[in-house]
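The values are calculated or read from the model by the stated rules, or taken from the named source; none is laboratory data. Model, not experiment: these values are computed from the prediction. Positions of Cβ are backbone-derived with ideal geometry, glycine not excepted, and every protein chain shown enters the neighbour counts.
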Amino acid sequence: MKLQDLKKPLQIDEIDFRVQSINKGKYATILAYKDARIDMNRLDDVCGSLAWKREHTRDNQNCIVSIWDNEKSQWISKEDTGTESNTEKEKGLASDSFKRACFNWGIGRELYDYPVIQIKLRDDEVMEYQGKFRASYNLNLKKWHWFSQFVDGRISFLYCKDEKGTIRFRWGEYTKDMDTTSQNHNLKDECFNLLEMTGYDDDTKEKYKLLIQLADEDGLISLRDNFKSNQVDRIDNGMNYNQTDIKKKLNENG
């Protein structure tokens, strides 16, 4: 068990985004946050499901997250306090105190370094209610595509497109030759993220998504490098991915 792995930045698909507020100029402040299940998964992956535990005190206001230390033969604990949510107050309080205790262990701590995300909304994405703007049903952040990079555990680049492929936010500098491992992305995750930044039409993206799923490591590296350089060859040029069923699958899918 390497406790340092708890501090590795969360992958972008492990992070949720929601509207925190909308000002009179129709600029939305977007909050990046983690779900308690992400903390559980990270603790299971790094420590093992039998080597950590959580306890709640003060009617769920406080949470203690403990990890078993084999060398010392004892539990090592960290504690924090949560706040109630607007819905399901008791459950929300327990979840929030747990997430905050996990911040103490380093899980998702990089979220504190995220830039202020302010996005100009379109007229159909906002509605006025009691003199204030709020998000309309046309604003669906869950369908937006986000991409991030990290340097030494700190975010260095953040980018997103909406479901129509329009760039809505860009911050920092994209490092083209950054090592995938240092970003805490596996090759497939990085290829999927880079594909969303290429601007290809939906049919082309679907074909590349199939290639990403089928490609071996050499093929993924080739795809990644080509996506980064924005000089991807056409699929029917016959890139070699050492996968005998790629052409067959592409033909089956039109």
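Some notes on this structure:
- Cβ-Cβ under 8 Å pairs, at least 6 apart or on other chains, the stretch 101-122 side small (G, A, S), far side surrounded by 14 or more Cβ atoms within 10 Å (Cβ to Cβ) and assigned to a helix (DSSP H, G or I): G106/L6; G106/K7; G108/I38; G108/D39; G108/K99; G108/C102
- Tally, over the stretch 199-237, of residues that are polar (S, T, N, Q) and modelled with pLDDT under 75: 4
- Qualifying residue in the stretch 34-50 (condition: part of a strand (DSSP E or B) and of a type in the set (A, V, I, L, M, F, W, C)): no
- Qualifying positions in the stretch 96-112 - touching a Gly at 6+ places or on another chain (Cβ under 9 Å) and either among the basic types (K, R) or more than 20 Å from V19 (Cβ to Cβ) (or both): S97, F98, K99, R100, A101, C102, R109, E110
- Number of positions in the stretch 67-87 that are charged (D, E, K, R) and touching a strand residue (DSSP E or B) at 6+ places or on another chain (Cβ under 9 Å): 4
- Exclusive hit being crowded, with 16+ Cβ neighbours inside 10 Å and under 24 Å from the mean Cα position of the chain (by Cα), set L3, L10: L10
- Going through (1) exposed (fewer than 14 other Cβ atoms within 10 Å of the Cβ); (2) at positive phi; (3) not β-branched (V, I, T) one by one, L50 falls short only on (2).
- Selected residue [modelled with pLDDT of 95 or more, of a type in the set (D, E) and assigned by TED's automatic domain parsing to the domain that holds I117] from E88, E79: E79
- Output for the stretch 100-113, where each listed residue is of a type outside the set (D, E) and either under 16 Å from V46 (Cβ atoms) or surrounded by fewer than 18 Cβ atoms within 10 Å (Cβ to Cβ) (or both): A101, C102, F103, N104, W105, G106, I107, G108, R109, L111, Y112
- Residue list for the stretch 196-224, restricted to those being crowded, with 20+ Cβ neighbours inside 10 Å and of a type in the set (V, I, T): I212
- Residues in the stretch 51-77 that are in a strand (DSSP E or B) and within 16 Å of D5 (Cβ to Cβ): W52, V65, I67, W68, D69, I76.
- Flag for D113 being under 30 Å from F157 (Cβ atoms) and out of contact with any Cys (no Cβ under 6 Å at 6 or more places or on another chain): yes
- Looking across the stretch 102-155, just one residue is part of a loop (DSSP other than H, G, I, E, B) and of a type in the set (K, R), and that is R122.
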